[in-house]
Every structure is written in structure tokens, then in C-alpha cells.
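Structure first, then comments.
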Amino acid sequence: MFGLLVISKEDSPEKPISPRRLGLATRGVIRRLQAYSYNWRKSYKYSGHYSFAVITKLTKFYHELSSAVGALKMVKAIRVHEVGGPEVLKWEDVEIGEPKDGEIKVKNKAVGLNFIDTYFRKGVYKAPTFPFTPGMEAVGVVTAVGPGLTGIKVGELVAYAGNPMGAYTEEQILPADKMVPVPPSIDPIIAASVMLKGMTAQFLVHQCFKVEPGHTVLIHAAAGGVGSLLCQLANALGATVIGTVSTKEKAAQAKEDGCHHVILYKEEDFVTRVNEITSGKGVEVVYDSVGKDTFEGSVTCLKLRGCMVSFGQSSGTPDPVPLSALAAKSLFLTRPSMMHYTITRDELLQSASEVFTSLAAGILKVRVNHTYPLSQAAQAHADLESRKTSGSVVLIPDGN
């Protein structure tokens, strides 16, 4: 009498029915229940297995479900269904609803590409769910705000960096307290390229290890997204900057960004060169985003009571370090995360403000050397990992 809610063979616990398909299927069942309810009311006679109260509850559920289903729309996003190489990045349709309490909906204008995105894609870092949308940095326009939310308006240009992951999409729902306003003087592409990288460089030289005039610092991947900014900030703080790069073209860029000494690590041993540059004294701090290939040598380059800052692992996870290796020179070792330095709302706003201020003052000059359509994120990942890129890489949502 009521019909059956039929789920096709394609549906399973591993591939559950989507909200839209569930809504359409449920709609037919509830309509039959509504018709039965009408007949029951008309005749004042009860028959069948469902009471009037049950039918009323189901009707209410139908309206709630219809409202939720009606609010859904389809947007394009990069999805990862299994860990692996760049080829696992798939351009797919995804559903997006409306923001709830404390949330906003944002239409992305530019998405920053970061090495951490490749770590999640490869499974070095574990994604919270599968499938997932990668990306931890984006700038976009607010298109909707959750009920009762104040302080953020529709049409405002905002940016975020860090969690929640999911920036590789045309539109997304985000917690309002994770967003920061973008000054009108800053282009969205520039802002998207500097949020995560800029705040990372900022806390590395000001909080993780406080760089001061007279210090000598070693920065690996000096022409990379974060490395380029580190060179500029360390130079501005009065330090002597030593940078390592892979090519002569990148060496020229590192020089422009404030490196006093540039080492082509494919042509010369960086440990030997650092020893020569510092007359055997070593450096106060090493900023190492490379990992396995440079870690041991980086520790060797440190002076007495020096600090080893390992903030990435593009070449792989470093081998375990015995405490005795640090004890030889009373060294400090840290593996920091920007997210731990922007936990509170005040910390986030302060960090972003310092980055934007540095941009406006000309202390930081962002190099967006590469842009790709968001749909070609796989190619961008491949180029990043093969060291074909320099400076920042930004993904532009298709149609922007």
C-alpha cells in the first residue's frame, strides 16, 4: 500500500546512498503516507499498521528532509579516494548545502598549493575521512552566513589557512572563526599564496626561534614557497642568510630574496660550504623543510646550543635521532606546526595581520611563479614534487 524504498545494487555501506537520492526515494513513500493520512482523517476510521501519530511524524520528517535536499547544490572539487601519486586527484561533482550556526559559505577565487597537500595525498599524514578534498589555504568571497552570525558579511573577501582541510573546491562551508578579512589592497591570488606560507615563515623566525641581528641562519629550499619568505624575513631582521637550492635559476631568485650566500647542493656539499662560510663556527638555526636528505647534515651545521627547526619532509621522513647526537653540542630540536601557533582567534588574527602588514610595507614580496586551473591539480602536484616550480603555486577555480 505504501510502496517500497528501493535502494539499488550500487548502494552499499562502502558507497552509501546520497542525500539527494535518499530524498527522492523517501519523497514517494511519504506522499503515499500523506494520502493514507488524508483518507484516514476523512473516514475517521483506522485501518492499516501505521497510527496517525506515526504518519504525522513521518510527514514532518519529509518536510525536514526536503528542505535539506533542496538546499543542496553541486559544485566541482578535487577528491581523493585512495592514497597515491598525483593521479589519485579526481575532478568530481560534490554536494554543498547551506551554512549552519557559526559557519559561512565561501566561493573560492584562489587556492594555495602547499607541500603538506602532497603528504595527505600520499598518506604520509592521515586524512580524517575518505574520500577527502585536500587543500589548507584559500581566498574567496562570502556568499552566505549561518543563522545569527555577525562580524562577517556576504560579499566580503576572506582567507583561511590550516584546518579544516578541503580548499580544493569551487565552494566550501567553513567555520567563521577560522577566517580572516583580506585587505582590499591585496590581490586574492597573492593572499592565497601567502596565508599558510606567510604565517609559517612568520612564526618560524619570530616565535619558534627568534632571529636577531648578527645571527647566521641556514635555509633549505630557499627558492620554495616558504623558503623564499624565510629568506626575506631573516634578512630584514639583520641575519646573515645562507640558502640551498637545486639550480642556478633558483640561486638567482634566492639572491634577490635576501640570501647572502647561495649553495647549489647538487654541485657542492652544503655542510662543507657552511663550514667555510662561517669559518667553522656553524649557524644559530637551520630551517629544514627537506627532511631525510638534509637532516643529518643540518644538525652538523649547527653551532653550540644551535636550534634545528624541522618543518617539512619533502624528501621523506628523517631517520630517528639519538639524544646523544643533540647532547654533543647541547642542541635544540623542534618539529613545529603553524596550527599550534594560531590556536586562538587572537593568535590567528595577529599572525595574519603581521603577514599583511609585511606585504604592505614591502618587507615581503610574494612570488606567484605558477598558476594552474584547479581541475589540473594533479599536474601541479607532479610539478611541485619534481622540483619544477619555484616560489608559490596557486590553483584557480575553473571559470574564475
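The selection criterion, being under 27 Å from CYS259 (Cα atoms), open to solvent by less than 70 Å² (accessible area, probe 1.4 Å), part of a loop (DSSP other than H, G, I, E, B) and in contact (Cβ under 8 Å) with a residue 24 or more places away in the chain, does not hold for LYS365.
Quick check on my filter: what residues within region 212-254 are open to solvent by 10 Å² or more (accessible area, probe 1.4 Å), under 16 Å from GLY306 (Cα atoms) and touching an Asp or Glu at 6+ places or on another chain (Cβ under 8 Å)? If the condition is that a residue be open to solvent by 10 Å² or more (accessible area, probe 1.4 Å), under 16 Å from GLY306 (Cα atoms) and touching an Asp or Glu at 6+ places or on another chain (Cβ under 8 Å), then HIS215, THR216 are the ones that fit. Among residues of region 156-169 that are within 20 Å of ILE189 (Cβ to Cβ) and hydroxyl-bearing (Ser, Thr, Tyr), those with a Cβ under 7 angstrom from a residue that is open to solvent by 10 Å² or more (accessible area, probe 1.4 Å) and outside any strand (DSSP E or B), sequence gap 6+ or separate chain, pair up as TYR160/LYS178; TYR168/THR133; THR169/THR133. Could you please tell me which pairs satisfy a Cβ distance under 8 Å, a separation of 6+ or placement on different chains, a first residue in region 313-327 that is under 15 Å from TYR287 (Cα atoms) and in contact (Cβ under 8 Å) with a residue 12 or more places away in the chain, and a second residue that is open to solvent by 80 Å² or more (accessible area, probe 1.4 Å) and assigned to a loop (DSSP other than H, G, I, E, B)? Once the first residue is under 15 Å from TYR287 (Cα atoms) and in contact (Cβ under 8 Å) with a residue 12 or more places away in the chain and sits in region 313-327, its partners that are open to solvent by 80 Å² or more (accessible area, probe 1.4 Å) and assigned to a loop (DSSP other than H, G, I, E, B) give GLN313/LYS292; SER315/LYS292; SER315/ASP293; PRO318/LYS292.
Of the listed requirements (1) of a type outside the set (Val, Ile, Thr); (2) touching a residue at least 40 places away in the same chain (Cβ under 8 Å); (3) buried (at least 16 other Cβ atoms within 10 Å of the Cβ); (4) closer than 25 Å to LEU89 by Cβ, HIS370 misses just one: (2).
Looking only at residues in region 76-102 that are touching a Phe, Trp or Tyr at 6+ places or on another chain (Cβ under 8 Å) and assigned to a loop (DSSP other than H, G, I, E, B), the one that is least open to solvent (accessible area, probe 1.4 Å) is HIS81. Restricting attention to region 127-177 and to residues that are of a type in the set (D, E, K, R) and in a loop (DSSP other than H, G, I, E, B), the residue that is modelled with the lowest pLDDT turns out to be LYS153.
Would it be correct to say that GLY306 is within 22 Å of THR334 (Cβ to Cβ), part of a loop (DSSP other than H, G, I, E, B), in contact with a strand residue (DSSP E or B) (Cβ under 8 Å, 6 or more places away or on another chain) and of a type outside the set (Ser, Thr, Tyr)? Considered against the rule, which asks whether it is within 22 Å of THR334 (Cβ to Cβ), part of a loop (DSSP other than H, G, I, E, B), in contact with a strand residue (DSSP E or B) (Cβ under 8 Å, 6 or more places away or on another chain) and of a type outside the set (Ser, Thr, Tyr), GLY306 comes out as no.
When residues in region 269-293 are screened for being in a strand (DSSP E or B) and either of a type in the set (Gly, Ala, Ser) or open to solvent by 10 Å² or more (accessible area, probe 1.4 Å) (or both), 1 of them pass. If the condition is being part of a helix (DSSP H, G or I) and within 10 Å of the chain's Cα centre (by Cα), then region 103-119 contributes PHE115, ILE116, ASP117.
The values are calculated or read from the model by the stated rules, or taken from the named source; none is laboratory data. All of these numbers come straight from a predicted model, not from anything done at the bench. Every residue, glycine among them, receives a Cβ derived from its backbone with ideal geometry; neighbour counts consider all protein chains shown. Side chains are part of the model used for accessible areas, which takes the heavy atoms of the whole protein and leaves out ligands, DNA and RNA. Shrake-Rupley method; radii C 1.70, N 1.55, O 1.52, S 1.80 Å.
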